[in-house]
Amino acid sequence: MINRLKNYHMVIQAPTFSLGVVLHGNHVSRIAFLSESIQPSKREASETVQLVQSELNRYFENPNFDFTIELSLAGTPFQRQVWDALQNIPLGETQTYGQLARQLNTSPRAVGNACRRNPVPIVVPCHRVVAQHGQGGFAGETQGAMMAIKNWLLQHEKHYM
């Protein structure tokens, strides 16, 4: 798994993993897959925290809805271009790194690197990008816990199609 930071505004228990969420004002700036049970920092549950928690929980119940939470994405112009393209991949479908690369006039490796740096997985669905032959990677890993999460997310979305 990933992050060991302790300053999460909320920790959400998903069916098979946990997420730590960081806010920047009223915007989500980071969603991290947690390697251990981490408690959120002691802050009052703002309207934004409640909305983010509600929308992520709704996704885990049934992913067939549109997120309305506002994002604060720190990245290069190219990364933001890739992240925008990821949000256009329909629920229950995948695209290959090569397909996205052709669409964006770049290389599959560059698309993969931008996916790896996605600060808000699930909301910006980098899990919907796969290799030409196989699953590819997820969050910079090609096996282990992160790939199990990617497979769970893809199956979860296909179940509701």
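DSSP bridge analysis restricted to the chain gives an antiparallel fraction near 75%, rounded to the nearest 5.
As a length-normalised measure over Cα pairs under 8 Å and 6 or more apart, the relative contact order of region 110-161 settles at 25 percent. Pull out a ≥ b ≥ c, the square roots of the eigenvalues of the alpha-carbon gyration tensor of region 62-120, then state rounded if a/c is under 1.5, prolate if not and a/b is larger than b/c, and oblate in the remaining case. Since a/c reaches 1.5 but b/c is at least a/b, the shape of region 62-120 is classed as oblate. Checking the a/c ratio against 1.5 first, then a/b against b/c, what shape does the Cα gyration tensor give for region 83-146? Since a/c stays below 1.5, the shape of region 83-146 is classed as rounded.
When each of the peptides 59-70, 15-26 is scored by the mean number of other C-beta atoms lying within 10 Å of its residues, the order from highest to lowest reads 15-26, 59-70.
Would you mind working out the accessible area per residue for the chain, using a 1.4 Å probe, and quoting it in Å²?
Details: 8590 Å² over 161 residues.
Ligands and nucleic acids excluded, the figure is 53 Å² per residue.
Rg over Rh for region 24-116 works out to 1.01, both radii taken from alpha-carbon positions and Rh defined as the Kirkwood radius. Among (1) 47, 46, 29; (2) 46, 37, 26; (3) 45, 32, 29, find the value of Cα extents along the principal axes in Å that was calculated from the structure presented, and write down its label. Step by step, Cα extents along the principal axes in Å for this structure corresponds to label (3).
May I ask you to derive the relative contact order of the chain, considering only C-alpha pairs under 8 Å and at least 6 residues apart, and to give it as an integer percent?
Numbers: 236 pairs, mean separation 33.4, N = 161.
21 percent.
When only the Cβ of Lys, Arg, Asp and Glu is charged (+1, +1, -1, -1), the dipole of region 68-127 relative to its Cα centre reaches about 260 debye.
The values are calculated or read from the model by the stated rules, or taken from the named source; none is laboratory data. Here the structure is a predicted model, which means the values were calculated and not measured. Glycine also receives a Cβ, built like all others from the backbone with ideal geometry; neighbour counts cover every protein chain displayed. Ligands, DNA and RNA are stripped out before the accessible areas are found, and what is left, the full protein with its side chains, is counted by its heavy atoms. Shrake-Rupley method; radii C 1.70, N 1.55, O 1.52, S 1.80 Å.
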